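The block underneath contains the structure these notes are about, expressed in structure tokens.
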Amino acid sequence: MSESTMTGVPGVSGDQGVSGGPEMTVAAAFAGMKSVVPVMFRAGCPDCRGNFELAASALRLAIGATSRTTFYSFTCPDCGAAVRKPAGERIVELLTGGGVRTLRLTFVG
């Protein structure tokens, strides 16, 4: 490696960035971004049998103590039915990674 070493920030060498140099602003961090593509999820309605795509904001995830109490829900855009479906580990990962709002259920007994 040459005399100019990395300081922990990709593409930054010397005393810039992390090790006491000027702080990076939010605008500078996102300067190279062109756009953010919203995450869409495919879903189906058991009532009207409609198939559609929903944005993360249209879904809710509830995480309970067991697999029986962990589910996601949405309102069918075709018929207006309230839909609730079980969510296994993989579904939970996909929904949380895609920005779906999550509610943790706790039981007081």
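The values are calculated or read from the model by the stated rules, or taken from the named source; none is laboratory data. Since the model is a prediction, treat every value here as computed from it, not as a measurement. For neighbour counting, all protein chains shown are included, and Cβ atoms are generated from backbone atoms with ideal geometry for every residue, glycine included.
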Query raised in the report: Can you pull out the residues in the stretch 67-88 that are at pLDDT 95 or above and among the charged types (D, E, K, R)?
Result: 78, 84, 85
Report task. State whether the residues of the stretch 35-44 include one that is more than 15 Å from residue 99 (Cα to Cα), modelled with pLDDT of 80 or more and touching a strand residue (DSSP E or B) at 6+ places or on another chain (Cβ under 6 Å). Result -> yes
Report summary line: Filtering the stretch 60-99 down to residues that are in a helix (DSSP H, G or I) and among the basic types (Lys, Arg) yields 68, 90
